[in-house]
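To start, the structure under review is shown below, and the notes come after it.
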Amino acid sequence: MSRTANRGAFMTASVLGIIGGSGIYDLPGLQNREWKRVKSPWGEASDEILFAELDGLPMRFLPRHGRGHVQSPTGIDYRANIDALKRAGVTDLVSVSACGSFREDLSPGTFVVVDQFIDRTFAREKSFFGNGLVAHVSMADPVSPLLAARAFAAAGAEGIAARKGGTYLAMEGPQFSTRAESHMYRAWGCDVIGMTNMPEAKLAREAEICYASIAMVTDYDSWRSHDADVDVTAILKVLKDNADNAVRLVSRLARDFPREHEACPIGSDRALEYAMLTAPDRRDASLLARLDAVAGRVLGR
């Protein structure tokens, strides 16, 4: 904590977390780089976390699939990842991930700063809470608006084609959609599809970490029947261009980011304030111990 002199109030220093692909961790100007294994009582995080600074801003980078892409979307321990980032001090977390598009105007190479999710995953642990300590957090607005706005502004400042707002359909995978599924998701009003943002966003909310997602379009999923013959060379070029643009976006975001954490207007950073329903004398001690980082603020730990 640091004290703001002119108000005499305690403020929390910002720590910007980035979860995504390996190329993002080679930002120009990163200083004091150190990979550290952060232990979590929830399991093994996908990899070590890179602790670093950019222009004095503390940053934490976690390869979602592990370096070398060794974790499948279903095999990722999302609880361990979010818990480890919380233990590493992250206040604001930006997800960067590839996605397919359901809209003609969201062409490959476009970045979408999504603001809604539909969760169609089914084989993942989705909450830190359960029997012994029941808690319910609001997911009506799953993305922290100030953080999303800053991500979108960074894209604009770097001249990156981006759209603010959109619905991300999270599928289980690892297979891609059938054409029937793709048409159904379009009919639902979804904009993009991916395999990793859920339950990541839900767990970040439970951990009181502000969360925003940058979905990078690589293809049109499978709804366009005339796209049967995929041009692999074109897809590889999109992936490379997206990675290069992601580095530029994250660098700009970090340089412009406030050094004091901004209170979230929708309460993302206070999500547990009234969420716990289990009476204090009936709470499971072993579960409480595992929640020391995630819920430490409200549990007094």
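Table for the structure above
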| quantity | calculated |
| --- | --- |
| Check on Asn81, outside any loop (DSSP other than H, G, I, E, B) and at positive phi | no |
| Any helices (runs of 4 or more DSSP H) falling wholly within region 184-301 and containing at least 1 residues that are of a type in the set (Ser, Thr, Tyr), at pLDDT 95 or above and touching a strand residue (DSSP E or B) at 6+ places or on another chain (Cβ under 8 Å) | 232-256 |
| Region 278-298: number of residues that are out of contact with any Leu (no Cβ under 7 Å at 6 or more places or on another chain) and among the β-branched types (Val, Ile, Thr) | 1 |
| Region 116-129 residues that are touching a residue at least 40 places away in the same chain (Cβ under 8 Å) and surrounded by 19 or more Cβ atoms within 10 Å (Cβ to Cβ), paired with ones that are among the polar types (S, T, N, Q) and assigned to a loop (DSSP other than H, G, I, E, B) (beta carbon under 7 Å, 6 or more apart) | Phe117/Asn197; Arg124/Thr74 |
| Qualifying residues in region 117-135 (those that are among the β-branched types (Val, Ile, Thr) and in a loop (DSSP other than H, G, I, E, B)) - the one nearest to Tyr211 (Cα to Cα) | Thr121 |
| Cross-chain or 6+ apart pairs with Cβ under 7 Å, region 182-201 first and of a type in the set (Lys, Arg), then assigned to a helix (DSSP H, G or I) | none |
| Residue match in region 273-280 (condition: surrounded by 12 or more Cβ atoms within 10 Å (Cβ to Cβ), in contact with an Asp or Glu (Cβ under 9 Å, 6 or more places away or on another chain), of a type outside the set (S, T, N, Q) and touching a residue at least 40 places away in the same chain (Cβ under 8 Å)) | yes |
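Each row is one residue, and each column tells you yes or no for (1) modelled with pLDDT of 95 or more; (2) closer than 23 Å to Leu203 by Cα; (3) touching a helix residue (DSSP H, G or I) at 6+ places or on another chain (Cβ under 7 Å).
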position	(1), (2), (3)
Ser2	no, no, no
Ala13	yes, yes, no
Arg33	yes, no, no
Lys39	yes, yes, no
Ala45	yes, yes, yes
Leu54	yes, no, yes
Ala80	yes, yes, no
Lys86	yes, yes, no
Ser95	yes, yes, yes
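The values are calculated or read from the model by the stated rules, or taken from the named source; none is laboratory data. The model shown is predicted, which means the values in this text are computed figures rather than measured ones. Ideal geometry is used to build each Cβ from the backbone, glycine not excepted, and the neighbour counts take in all protein chains shown.
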